[in-house]
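The values are calculated or read from the model by the stated rules, or taken from the named source; none is laboratory data. Just so it is clear, the model here is predicted, and its values are computed rather than measured. Ideal geometry is used to build each Cβ from the backbone, glycine not excepted, and the neighbour counts take in all protein chains shown. In case anyone asks, the SASA skips ligands and DNA or RNA and just uses the protein heavy atoms, side chains included. Shrake-Rupley method; radii C 1.70, N 1.55, O 1.52, S 1.80 Å.
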Amino acid sequence: QSVETFTEYYTNYATYYGMEFADFLDQYMGVTEEEFNEEAENYARTVSENVLIMCAVAKAEGFEVTDEIYDGKLAEYAEEYGYGDLTVFEEEQGKGNIKQYIINEKVFEILEENATEVEAAETEAAESEAVESEASSDAE
């Protein structure tokens, strides 16, 4: 689905500009159809990996999208995006996508709650130490 979504997004732009898709890709994006298709595949892979990670974190934290949570978030999202009719919003977005939005939102909350702030100096020192360690390993 992500490849289709990615392609549809740019096809719509080509249509908007009154151009053939291949011409749009060449003139506005500087890529061939083959290069575009490769980028679409990379995009789909990245989206899939992100979904798997988010779902794994949610599962590890014991979070599940219940009907109650879904209904509440559906109403919240529909209102946020200016939809008066929940059914129309749900049909346009898709239940699976809405559930994923809910999971993503919860995982980001979990990450924020459990994040540990690290001072920049500590981070720079750790990075410098790692680079030095790698350099000495390579020298051996």
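For the stretch 1-35, the candidate set comprises residues that are in a helix (DSSP H, G or I) and aromatic (Phe, Trp, Tyr); within that set, the residue that is most open to solvent (accessible area, probe 1.4 Å) is TYR16.
The combined condition, being within 23 Å of VAL107 (Cβ to Cβ), over 20 Å from the mean Cα position of the chain (by Cα) and surrounded by fewer than 13 Cβ atoms within 10 Å (Cβ to Cβ), is not fulfilled by GLU64. Among the residues of the stretch 77-108, the ones that are under 28 Å from ALA58 (Cα atoms) and open to solvent by 80 Å² or more (accessible area, probe 1.4 Å) come to 9 in all. A search for C-beta distances below 6 Å between a residue of the stretch 52-69 that is closer than 12 Å to GLN100 by Cβ and any residue that is open to solvent by 60 Å² or more (accessible area, probe 1.4 Å), counting only pairs 6+ apart in sequence or on different chains, returns VAL65/LYS99.
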